[in-house]
Amino acid sequence: MADTIHTKVLIIGSGPAGYTAGVYASRAMLEPVLVQGIQPGGQLTITTEVENWPGDTEVQGPDLMVRMQEHAEAVGTKIVTDHIMSLDLGQRPFTAVGDTGTTYTADSVILATGAQARWLDLPSEEKYKGFGVSACATCDGFFYREKEVLVIGGGNTAVEEALFLTKFASKVTVVHRRDTLRAEAILQKRLFEHPKVEIIWDHVLDEVLGTDNPRGVTGARLAHRETGETRDLDCAGIFIAIGHSPSSELVKDQLEMHNGGYVVTQPGKTATAIPGVYAAGDVTDHIYRQAVTSAGMGCMAALEAEKFLSEDDTGVKGWG
């Protein structure tokens, strides 16, 4: 028989927002349950050097997430290895069902489900995923020692991936659809100065070229954004780095969304339109998308949940 777990605060997701929410909810004696999800630790677990986390000049992303998890556990957060498959926000207590078959009931819910890599949706991209096409340089960069690779994109994600790949690849070509990058200035400076990096402006990936037996990438067909003229480029790997999409599928028919799936919250808060339901981190933040802002929102969500639950107990109005 499947288990049922009840909690005052159910935290769904385990990145900086989720773990910080766990710390604050635990300190409020709410005994939160945190369900880690399919990628425990979130996006920082596939990031190497993190240089903008306050207090650490440089820290490895996976190490930072291990520390956050240990902190949350130390103050009393119950951390569960499971993946929430469905969530019913129609009535309280709210009900979630995990991949393990466990049912979770909760007086309040904090969504901290983060975001996932975005793809170009090319048939050839899909064909070679895992066979030379990747969205994670830190996962797969090792396989391209002394080989030439492409990075598609122009934001922070693309530049960070490209710089990481220079540790392995003989050459890294960044392909961007515009004539300027959108990445932070300090990242752009490093990219422009790196001897292994070349940038191709005003082009998009038109087709991934490769072999079938064995399956593998041999090159890329690029198209000029304005003229449509194509050119073929030899490479052994292609890394798609065009940003991320919020992981909001659990609530797509239950909560208001904007900007391609980000959960709408009340101005200056993490409270959603449903009392007792909060959203924190990349699932709601389409502007900053930083680890430190996600952690801040996790703190806010836990404090708002505490006020909400206190109102339930005392009748005194809380923070939404």
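The values are calculated or read from the model by the stated rules, or taken from the named source; none is laboratory data. On a predicted model such as this, the values are computed, not experimentally measured, just so you know. Here the Cβ is made from the backbone with ideal geometry for all residues, glycine too, and neighbour counts use every protein chain on show.
Tabulated results
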quantity: Any hit, the stretch 75-91, residues being touching a strand residue (DSSP E or B) at 6+ places or on another chain (Cβ under 8 Å), surrounded by 15 or more Cβ atoms within 10 Å (Cβ to Cβ), charged (D, E, K, R) and assigned to a strand (DSSP E or B); calculated: yes
quantity: Of all residues making up the stretch 226-258, the number that are of a type in the set (S, T, N, Q) and in a strand (DSSP E or B); calculated: 2
quantity: Top-ranked residue of the stretch 28-46 - restricted to ones that are in a helix (DSSP H, G or I) and in contact (Cβ under 8 Å) with a residue 60 or more places away in the chain, ranked as surrounded by the fewest Cβ atoms within 10 Å (Cβ to Cβ); calculated: I46
quantity: Hits in the stretch 144-159 (condition: closer than 20 Å to H286 by Cβ and crowded, with 23+ Cβ neighbours inside 10 Å); calculated: G153, G154, T157, A158, V159
quantity: Selection status of G210, modelled with pLDDT of 95 or more, under 19 Å from the mean Cα position of the chain (by Cα) and not in a helix (DSSP H, G or I); calculated: no
quantity: For D107: the one exception among (1) within 20 Å of the chain's Cα centre (by Cα); (2) of a type in the set (D, E); (3) within 21 Å of Y278 (Cβ to Cβ); calculated: (1)
quantity: Failed item in (1) closer than 30 Å to M85 by Cβ; (2) in contact with a strand residue (DSSP E or B) (Cβ under 6 Å, 6 or more places away or on another chain), with C299 passing the rest; calculated: (2)
quantity: Residue among P62, P123, P54, P32 that alone is farther than 23 Å from A302 by Cβ and touching a helix residue (DSSP H, G or I) at 6+ places or on another chain (Cβ under 8 Å); calculated: P62
quantity: Residue list for the stretch 104-141, filter: assigned to a strand (DSSP E or B) and more than 26 Å from T20 (Cβ to Cβ); calculated: K129, V133, S134
quantity: Cβ pairs under 7 Å, 6+ apart, first in the stretch 177-188 and in contact (Cβ under 8 Å) with a residue 24 or more places away in the chain and surrounded by 11 or more Cβ atoms within 10 Å (Cβ to Cβ), second polar (S, T, N, Q) and not in a loop (DSSP other than H, G, I, E, B); calculated: L181/Q188; A183/N156; E184/N156; L187/N156
